[in-house]
Every structure is written in C-alpha cells, then in structure tokens.
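Asks: Structure provided below as structure tokens; questions to follow.
The values are calculated or read from the model by the stated rules, or taken from the named source; none is laboratory data. Computed from a predicted structure; not experimentally measured. When we count neighbours, we look across all protein chains shown, and the Cβ atoms used for this are built from the backbone with ideal geometry, even at glycine. For the accessible areas, the whole protein counts, side chains as well, though only heavy atoms, and no ligand, DNA or RNA atoms are used. Shrake-Rupley method; radii C 1.70, N 1.55, O 1.52, S 1.80 Å.
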Amino acid sequence: ALKQERRALTRELRRHHAELRGLAERGGNDTVTDRMADLQDRIRVAERRATAVGEELVALERNHVDGNEATRVLARFEPVWDALCLREQIRVLELLVERVDYDGEQGTVSVTFHLAGIAALGRELEESGR
C-alpha cells in the first residue's frame, strides 16, 4: 500500500509541477497567481507525505523478517522461553504478537507478529550467543 501511495504521489507531483511550469510560462494575472499559490501548497503537502512514506518504507525494509528467519529465531528462543516465569512470558508475547485472528467458519487461527519485535529478539539471541 505504501509503494502504491508513493507511486501515486510521484504522479501527482509530476502533474502539479508541469501545471506550475505552464502557468509560469503564460505569465500572471490574479487567477493564475492564485492557482500557482494553490499548486505550491499542494506540492508542499505531497512532498511531505512522500517523505513520510519513504521513511516508513525504509523502516519496514530494515525490520523485514521472512518466514524462515522468524522460524529460526523462534526455535532458538524455545529454551529461553522455558526458563521465563509466566509474567515474563506474557510480556514477551505482548512485544512479539501484534494480532491474533480466528476464523470460526474455517476453524483457523492466524497470528500477526510485530516484525520489529522478532528482529530485535533475533539480534538479542545473536548477541547473547544462543
């Protein structure tokens, strides 16, 4: 969704810049000047959003964990899990699990993890030598 939004913002910025250049070439009356000011505001808003979207994408890519890595990290964590008290286990689950969905019709459960939490857990296990 973020990549789609970034593409849409890029197209929008191209259109606004092209229109702004065309208006600047024509010269100005009050209507043209007002439209140029409006376009500059729209460009500023779109550029801010494009920057925010870019930062979100970088953060997501930095914290990306594929299924194999998640399985590996969680398997290495099992001995640590067994040593934790119940309160600590609950805290770890809160940090790792974003959402649990149950589909009663299909009888399935799906778990959505906080990717940053799994990545952090993997780094901690690496650093501790486990």
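Asks: Regarding Val80, is this residue modelled with pLDDT of 90 or more, of a type outside the set (S, T, N, Q) and at negative phi? It would help to see each step written out before you state the result.
Replies: Numbers: modelled with pLDDT of 90 or more: no; of a type outside the set (S, T, N, Q): yes; at negative phi: yes.
For Val80, the condition - modelled with pLDDT of 90 or more, of a type outside the set (S, T, N, Q) and at negative phi - is not met.
Asks: Please find, among Arg76, Arg49, the residue that is in contact (Cβ under 8 Å) with a residue 40 or more places away in the chain, basic (Lys, Arg) and closer than 19 Å to Phe113 by Cβ.
Replies: Values: Arg49 fails: closer than 19 Å to Phe113 by Cβ.
Unique residue meeting the criteria: Arg76.
Asks: Scanning for something aromatic (Phe, Trp, Tyr), at pLDDT 85 or above and open to solvent by 60 Å² or more (accessible area, probe 1.4 Å), does segment 101-116 turn up at least one residue?
Replies: Start the filter on segment 101-116 by keeping residues that are aromatic (Phe, Trp, Tyr), which leaves 102, 113.
Cutting the leftovers down to at pLDDT 85 or above gives us 102.
Right, trim to open to solvent by 60 Å² or more (accessible area, probe 1.4 Å) and you get 102.
Within segment 101-116, one or more residues are aromatic (Phe, Trp, Tyr), at pLDDT 85 or above and open to solvent by 60 Å² or more (accessible area, probe 1.4 Å).
Asks: Please tell me if Arg91 is assigned to a helix (DSSP H, G or I), surrounded by 11 or more Cβ atoms within 10 Å (Cβ to Cβ) and either over 22 Å from the mean Cα position of the chain (by Cα) or not hydrophobic (A, V, I, L, M, F, W, C) (or both).
Replies: Working: assigned to a helix (DSSP H, G or I): yes; surrounded by 11 or more Cβ atoms within 10 Å (Cβ to Cβ): yes; either over 22 Å from the mean Cα position of the chain (by Cα) or not hydrophobic (A, V, I, L, M, F, W, C) (or both): yes.
So Arg91 passes the test.
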